[in-house]
Amino acid sequence: GEPKDGEPKDGEPKDGEPKDGEPQDGESGEQQQQKKEEQPQSKLERAEQKMREAQRKLEEAKRDEAAKAQEEAKEELIKAKAELEEILRQLREEEIARTLALLESRFRKMWEAQVQVYETTMRLDQIPDSDRGREFAIRSNNLSGDQRKILVEADKALLLLREEGSSIAFTESVEQIRDEMEYVSERLANVKVDFLTQESEEEIIATLEEMIEALQQAQKELEDSDSKPPPPGPPPPPGEDPLVDQLAELRMIRSLQKRVYTRTKRYARMLKSELDEVGQAETDDLVKALFNLSRREDRIREIVRDIHLGRNK
């Protein structure tokens, strides 16, 4: 029963055959990776097949009125169901991890580009009015185009968050900075590089920093949960884990409200009389800014209500 000299032992590949994990002849590394990615789906299909078989056995046992067979089939069905739920939970965690990493990368790219736009805006604002000719207008218009490119990235992130669907406050934050980006782009196109433009750019940068930090925290918590043993008792229902937990959502709401408050105080100093309870906004830019701020406050109230009613679940 022993192999002859030069022959492989049982379970070992013959000369020229690939070992376990090595790509077969004609298979690229990309094809191997694709096979690995298909494995969870195969596990899912096998678990579903087990459930169908257990269900069939249970129905047959009921027709035959065999109590013992019914009990065995029922136990098989419970085990298959638990296996299926565990696979679905793992798939959901993998999906969340990919989404968090993708969003962080996109937001970081947006942040870097936005910082450049902000710094260039400040440099342009330092140019005296007497020197602001045609070249100045061209530079401001080019900067507006750069801002538009960042806006496109925000639209992509917004689409991803809407498709995922479990985060209300994060989605609202991206919608708000997306609107701010459009506002900045319009002002730069109109060669306006003043305080209002720079303030909006500062807010975009601050919001992106907060979201990057929140996404990093969410990824860390996800990694920590993977390293901990599961709690006793039955596993939670599959597919219900949100992208970020409710505490992160509430922190984001607090940041949204804080920015509204800070901007309100700044705009008050720009009114004709800061002590006037009604106030006097004398410029079209300030009137538009106050209107946008009012709409933002309404949206914060709506998302708080939606979270309270559980509309993100």
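The values are calculated or read from the model by the stated rules, or taken from the named source; none is laboratory data. Worth saying up front: this structure is predicted, and the values here are computed from it rather than measured. Here the Cβ is made from the backbone with ideal geometry for all residues, glycine too, and neighbour counts use every protein chain on show. Calculation scope for accessible area: heavy atoms of the full protein, side chains included, ligands and nucleic acids excluded. Shrake-Rupley method; radii C 1.70, N 1.55, O 1.52, S 1.80 Å.
Observations on the model:
- In the range 132-143 there is no residue that is without any contact (Cβ under 8 Å) to a residue 24 or more places away in the chain and under 30 Å from Glu95 (Cβ atoms).
- Long-range neighbours under 8 Å by Cβ, at least six apart or interchain, first residue open to solvent by 90 Å² or more (accessible area, probe 1.4 Å) within the range 263-285, second modelled with pLDDT of 75 or more: Glu274/Ala268
- Residue list for the range 153-199, filter: part of a helix (DSSP H, G or I), charged (D, E, K, R), closer than 21 Å to Asp284 by Cα and out of contact with any Lys or Arg (no Cβ under 8 Å at 6 or more places or on another chain): Asp179, Glu180, Glu182, Glu186, Arg187
- The range 294-311, subset modelled with pLDDT of 80 or more and of a type in the set (Asp, Glu), residue nearest to Thr264 (Cα to Cα): Glu297
- Any chance Glu240 is assigned to a loop (DSSP other than H, G, I, E, B), within 16 Å of the chain's Cα centre (by Cα), at pLDDT below 80 and over 14 Å from Ile168 (Cα atoms): yes
- Hey, Ile150 in a helix (DSSP H, G or I), open to solvent by less than 70 Å² (accessible area, probe 1.4 Å) and of a type outside the set (Ser, Thr, Tyr) or not: yes
- Among the residues of the range 117-143, those identified as in a loop (DSSP other than H, G, I, E, B) and more than 23 Å from Ala206 (Cβ to Cβ) are Ile127, Pro128, Arg132, Gly133.
- Scanning the range 117-138 for residues that are under 30 Å from Glu213 (Cβ atoms) and either of a type in the set (Asp, Glu) or touching a Gly at 6+ places or on another chain (Cβ under 8 Å) (or both), we see that the one that is least open to solvent (accessible area, probe 1.4 Å) is Asp125.
Residues checked against (1) touching a residue at least 60 places away in the same chain (Cβ under 8 Å); (2) in contact with a Lys or Arg (Cβ under 7 Å, 6 or more places away or on another chain); (3) open to solvent by 50 Å² or more (accessible area, probe 1.4 Å); (4) part of a helix (DSSP H, G or I):
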residue	(1), (2), (3), (4)
Ala80	no, yes, no, yes
Glu86	yes, no, yes, yes
Gln90	no, no, yes, yes
Glu95	no, no, yes, yes
Arg98	no, no, yes, yes
Ala101	yes, no, no, yes
Glu104	yes, no, no, yes
Met110	yes, no, no, yes
Val115	yes, no, no, yes
